[in-house]
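Here's the structure we're looking at; comments come further down.
The values are calculated or read from the model by the stated rules, or taken from the named source; none is laboratory data. This one's a predicted model, so the numbers in the text were calculated from it and none came from an experiment. Neighbour counts run over all protein chains shown; Cβ positions are idealised from the backbone, glycine included. Please note that ligands, DNA and RNA were not included when accessible areas were found on the heavy atoms of the full protein model with its side chains. Shrake-Rupley method; radii C 1.70, N 1.55, O 1.52, S 1.80 Å.
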Amino acid sequence: MNNNSNDSNQSRRRRTDNSHANKNSHQIIKWVISILAVVIIITTFMGYRYYSSSLKPLNPQSNKQIEVNIPIGSTAREVGSILEKKQVVKSGAVFNYYTKKQKLNNFQAGYYVLKPSMTLKQIATKLEKGGAAEPIALNGPRILIKEGENIDQIAASIAKDSKYFTKKDFLKLMKDESFIKQLAKKYPKLLGSAMDAQGVRYRLEGYLFPASYSVSKDTSLKDVVTQMVAKEDAVLQPYYGKIKEKGLTVQQTLSIASLVEMEGSKASDRTKIAGVFLNRIKQGETLGSDVSTRYAVKKSATENLTASDLANPSPYNTRVSTGYMPGPVDNPGENSILSVINADTKDGYLYFFAVTKKTGGHKVGDVLFYKDFDKFNNDVAKYNPEGK
């Protein structure tokens, strides 16, 4: 009896001990799970905060300019790492993730000037457009090429904005066939059709992209022009295929874009204006643009054209010459180039003019489009009596 009683007591003690052990184990597991859950929540929260803050500009108040070089063949991850090291973005990894998610990762090699105050989208968009071929002198004089300026005007700007170059030297370089051939070899897609053109005034007219360029005492004039051409090539890279699909050459595209640049300001007007020019070429008519005539006779937009000017036999004068001009008559911006690529030809418009007299519900500056020549002439007399 005593032995059985002892065994029974020991068995109860073991069950009690096991019960306590199980309870303790369950409590420990609950504590561990709770701690892990808290850690996960905190880590997730902190990670989200870090990601959210990394999407914002590194320093919204900063005006600091930072030169960044993106080597050829850099991946989005490598670009992000470069930007983080240069203190342009907070996190290279977040930049890489964001740009891939937004499909903004077609980055071009080159030298860029970026700011910590830029958003990730602004930085990525700039990197997609392409940078300069040479290092940029951030603290030197800056040469500004405005949209629609021609080479003669650019020569004057270079002489004014830079203490290192003269107008004469720049115009001499624009006639340097050896230098231009070197550029064509370096940028064959861009300059191939320009090299085939006949009767051009300046072979690089239209190929000096409008932008601001830094120079220093160590920068040669060839370096500056190379930067301009490299920028043009970078901007056009996404469009070469589309230009070819439209059956156009780069020279033809830039020629029409150079007219559009000076004829229209609103994007919707520009695509229609480009459409008018392409429709007229298709029908074998002259383009009839005073922009080209002024280039032919070397007159500014403020000078009146005479009957003799309008009859000038220059191939650049689209008042008398049919088809495309030998080449561009100024250096158009990206929007004008896009207007040719996306030209609206479906309505078959052949004529247009800008309203200069407010009447009949039209505002000054409105561009009106026509298929019928008589209707066009009648409305010109009403809305643009000065014929400008």
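Results, tabulated for the structure shown:
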item: Candidates Asn59, Asn331, Asn378: whichever shows maximal mean-square fluctuation once the chain is modelled as a Gaussian network with Cα springs under 10 Å; result: Asn378
item: The chain: relative contact order as a whole-number percent, Cα under 8 Å and 6+ apart; result: 12 percent
item: Between helix 76-85 and the chain: long-axis angle, C-alpha atoms, 0 to 90°, nearest 10; result: 80 degrees
item: Where Met118, Met228, Met195, Met262 fall by accessible area, highest first, once all protein chains stay in place (1.4 Å); result: Met262, Met195, Met118, Met228
item: The chain: angle of helix 120-129 to the longest principal axis, Cα-based, in degrees nearest 10; result: 40 degrees
item: Expected 222 nm ellipticity per residue - DSSP helices of 4 or more, -39500 (n - 2.57), all of the chain, to 500; result: -16500 deg cm²/dmol
item: Pairwise label distance in nanometres, Gln182 with Ala301, each label 7 Å out on the Cα-Cβ vector; result: 3.5 nm
item: Average Cα contact separation per residue, the range 253-388, under 8 Å, 6 or more apart, as relative contact order %; result: 28 percent
item: Leu310, Leu259, reordered so the largest accessible area comes first (probe 1.4 Å); result: Leu310, Leu259
item: Förster radius 51 Å - calculated FRET efficiency between Lys172 and Asn378, Cβ distance, rounded to 0.05; result: 0.55
item: Probe 1.4 Å, protein heavy atoms only - accessible area per residue of the chain in square angstrom; result: 55 Å²
item: Rounded to the nearest 10 Å², the accessible area of Arg294 at probe 1.4 Å; result: 50 Å²
item: Charge dipole of the range 224-374 about the Cα centre (unit charges at C-beta), most positive-ward option of Tyr239, Ala343, Thr253; result: Ala343
item: Stretch gain in nm, segment Ser157-Lys242, where the contour uses 0.36 nm per residue and the Cα spacing is subtracted; result: 27.3 nm
item: Acute angle (nearest 10 degrees) that the helix 177-186 long axis makes with the longest principal axis of the chain, alpha-carbon atoms; result: 30 degrees
item: Rounded FRET efficiency, nearest 0.05, which uses the C-beta distance separating Leu144 from Lys100 and R0 of 41 Å; result: 0.75
item: Fraction of accessible area attributable to carbon and sulfur, the chain (%, probe 1.4 Å); result: 51 percent
item: C-alpha center-to-center spacing [the range 274-319, the range 144-202] in angstrom; result: 22 Å
item: Tyr187 accessible area, assembled protein chains, probe 1.4 Å, Å²; result: 20 Å²
